[in-house]
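Here's the structure, in structure tokens; my notes come after.
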Amino acid sequence: MMIRSKILIYLLAFYVLLQFIWWGYQIIDLGALADQSQEDTSRRIIMIIGEGGVFILILMAGFWKIQQSIAKEIQLSQRQNNFMLSVTHELKTPLTSIQLALQTLKKPNLKTEDQADLIAKALGANQRLSSLIDNIINASRLESNDFTPRREIFPLKTFLQNKTAELTASHEQASIKLNCEVDIIHADAYMLETIFNNLLENAIKYSGENPKMEIIVKQNEKFIEIIVSDQGTGMTTEEKQQIFKKFYRVGNEISRSQKGSGLGLFITSEFVQLHKGRIKCENNKPAGTKFIIELPNGE
């Protein structure tokens, strides 16, 4: 974005220089018309005024565009600062949990059930850490255009059945309804798994103590429609317009209690677009958020 702004500034400066040279020529030439007819002089003055008006409009449009670019850079910088605050906490917390579990496991005469509980907690913290690292790597690769989807047969229905069972087991109070009419889909398995993992984990995270979610997969002649909805707190219109941007998170990073890095929905959106699909966010009824994904139907 900064490169575009610099190019625009240089173009505007070059245009201003050319315009002043042209005006200087016109003013000098206008003096030579002093002895000519009033009609020719008036016509030249009108031409100069018209060109001046166009010049001012272009200049104003250019400065407005530059101001927009600067504002976007400031917003990106703020989101990056939020990301640094978030990722510091996200890295430190699981590492602390793993270290504490390992230190406790060193104690003699530890009960078998306590050992199993500590190992489960350490594995969970390790998985959380691994997911964060994966998101950071994926975001970096996306910025470098280093992803190319592989079209392969993906057992969508089986994956969603296993995923909902896994989430229900790990979140006992969660209620997840699944209605999948599509058995298989031709898509990149890793990207599709990442898309569902991000959307479902996000839905659980922002749905309170008793998350209620629904997954619907339908198929028509043109595309496969995937709907992931929850009955959580929902989002404002402004937030729905920002959530697919890199590093964006709802609320203030210091006061925010939910874990996250602001990369999940950005990666989800990019992976959907790499499949030549589209994703949008809408309000769910009676409450919550609904994510709708449309992927091309066919191999």
Handout entry: Top-ranked residue in region 165-215 [being more than 13 Å from GLY288 (Cβ to Cβ) and among the β-branched types (Val, Ile, Thr); ranked as modelled with the lowest pLDDT]
Key = THR168
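For (1) β-branched (Val, Ile, Thr); (2) surrounded by fewer than 15 Cβ atoms within 10 Å (Cβ to Cβ); (3) touching a residue at least 40 places away in the same chain (Cβ under 8 Å); (4) within 30 Å of THR96 (Cβ to Cβ), each residue gets a yes or a no:
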{"residue": "ILE133", "(1), (2), (3), (4)": "yes, yes, no, yes"}
{"residue": "LYS163", "(1), (2), (3), (4)": "no, no, no, yes"}
{"residue": "ILE176", "(1), (2), (3), (4)": "yes, no, no, no"}
{"residue": "VAL182", "(1), (2), (3), (4)": "yes, no, yes, no"}
Exercise for the section: Would you check which residues across region 245-279 are at pLDDT 85 or above, assigned to a loop (DSSP other than H, G, I, E, B) and open to solvent by 30 Å² or more (accessible area, probe 1.4 Å) and list them? Expected result: LYS276
Fill in the blank from the handout: Matching residues in region 135-161 (out of contact with any strand residue (DSSP E or B) (no Cβ under 8 Å at 6 or more places or on another chain), hydrophobic (A, V, I, L, M, F, W, C) and open to solvent by less than 60 Å² (accessible area, probe 1.4 Å)) number 4
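Confirm whether LYS157 is at pLDDT 80 or above, touching an Asp or Glu at 6+ places or on another chain (Cβ under 6 Å) and closer than 27 Å to ASN210 by Cα. If you could, list the steps in order and put the result at the bottom.
Numbers: at pLDDT 80 or above: yes; touching an Asp or Glu at 6+ places or on another chain (Cβ under 6 Å): yes; closer than 27 Å to ASN210 by Cα: yes.
So LYS157 passes the test.
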Problem - Single unsatisfied condition, ILE98 versus (1) open to solvent by 80 Å² or more (accessible area, probe 1.4 Å); (2) at pLDDT 75 or above - result: (1)
Exercise for the section: Could you tell me which residue of region 193-210 is nearest to LYS276 (Cα to Cα), considering only residues that are touching a residue at least 40 places away in the same chain (Cβ under 8 Å) and open to solvent by less than 10 Å² (accessible area, probe 1.4 Å)? Expected result: ILE195
Practice task
Residue by residue through region 280-299, note down the ones that are touching a strand residue (DSSP E or B) at 6+ places or on another chain (Cβ under 6 Å), assigned to a loop (DSSP other than H, G, I, E, B) and open to solvent by 60 Å² or more (accessible area, probe 1.4 Å).
Solution key: GLU299
Exercise for the section: Given the conditions (1) surrounded by fewer than 18 Cβ atoms within 10 Å (Cβ to Cβ); (2) out of contact with any strand residue (DSSP E or B) (no Cβ under 7 Å at 6 or more places or on another chain); (3) under 14 Å from LEU160 (Cβ atoms), report the number of the one that GLU221 does not fulfil. Expected result: (3)
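The values are calculated or read from the model by the stated rules, or taken from the named source; none is laboratory data. Here the structure is a predicted model, which means the values were calculated and not measured. Note that we place each Cβ from the backbone using ideal geometry, even for glycine, and neighbour counts take in every protein chain shown. Just so you know, the surface numbers come from the protein's heavy atoms only, side chains and all, with ligands and any DNA or RNA stripped out. Shrake-Rupley method; radii C 1.70, N 1.55, O 1.52, S 1.80 Å.
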